[in-house]
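Working notes, beginning with the structure itself.
Throughout, read-outs are computed from the coordinates displayed, never taken from laboratory work. A quick note: this is a predicted structure, and the numbers were derived from the prediction, not measured. Methodologically, a virtual Cβ is constructed for each residue, glycine included, from the backbone with ideal geometry; neighbour enumeration extends over all protein chains shown.
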Amino acid sequence: MNNSETLSVVIQLTQKHYAYFIRLHQKKSLIFSFFFYVLLFIAVMLSRNDFEFETAIVVIGLVGGIITSTIVLICMYFLTQYQSFKHFRSDKLLQQKQNYEISDSGISVSSDSGTAHIQWNEIYKAAESKHIIALYTGKGRALVLPIDMIDNQVNQGTEQLKAIIRKNVSGNKINLAS
């Protein structure tokens, strides 16, 4: 890919793609929550036993904590799905077709609502899941690029996009698969 090439794609997000983004965005907090609830459950079990350290109490606390954490995570997953559904349905801008021109000069996005150009130094972070690439412009705000839509429009489009990102975003901000 030479310097003058531009990746041009038309993206119309679906609720499913938006849910993938929300899960990617909340992944670290879900992992933290899992371990927090396991440790909390063990602490509660030990405190109920007047601080006597017995292997059986620790095992029961560990197993109970894992079960409790799993239940909490399942509930959080469904709550996240519901919230992403509600948010996506209420935000008409997310549902519009967006034309992306991605090159070394930045990312140009145009839709029925207007046009924006984002410089690469304005990208906070780049992250990838199995289904999307998210280019964060802030902590909770990102350009969501569905991998299937990119690859359906441009042969090896995802690889081209990753090459452009790696070339223009500093390494500590990139979390992309090889």
List the trypsin sites (Lys or Arg not before Pro) in region 113-151 that DSSP assigns to loop (not H, G, I, E or B) and whose Cβ has at most 12 other Cβ atoms within 10 Å. Which are they? 130, 139, 141
Applying the Karplus parametrisation 6.51 cos²θ - 1.76 cosθ + 1.60 with θ = phi - 60° to the phi angles of region 15-30, what ³J(HN,Hα) value in whole Hz is obtained for each residue in order, glycine and proline being reported as x? 4, 5, 5, 5, 5, 4, 5, 4, 5, 4, 5, 9, 4, 5, 5, 5
Compute the angle between helix 55-90 and the longest alpha-carbon principal axis of the chain, please, reported from 0 to 90 degrees and rounded to the nearest 10. 30 degrees
If you average the alpha carbon positions of region 134-153 and of region 156-178, how far apart do those two centres end up, in angstrom? 12 Å
Stokes-Einstein D (µm²/s) once Rh is taken as the Kirkwood radius of the chain over alpha-carbon pairs, at 4 °C in 1.567 mPa s: 70 µm²/s
Given H placed on each backbone N at 1.01 Å, which residues far from residue 174 in sequence or on other chains put an amide H within less than 5 Å of it? 126
Loop-resident sites, region 73-171, for chymotrypsin sites (Phe, Trp or Tyr not before Pro), counting at most 16 other Cβ within 10 Å (DSSP): 124
Point-to-point label distance, residue 112-residue 93, nm (Cα→Cβ direction, 7 Å offset): 1.5 nm
Ordered by residue, what ³J(HN,Hα) values in Hz, to whole numbers, does region 162-167 give under the Karplus form 6.51 cos²θ - 1.76 cosθ + 1.60, where θ = phi - 60° and Gly and Pro are x? 4, 5, 5, 4, 4, 6
In nm², what is the average projected area of the convex hull enclosing the Cα atoms of region 15-90? 5.4 nm²
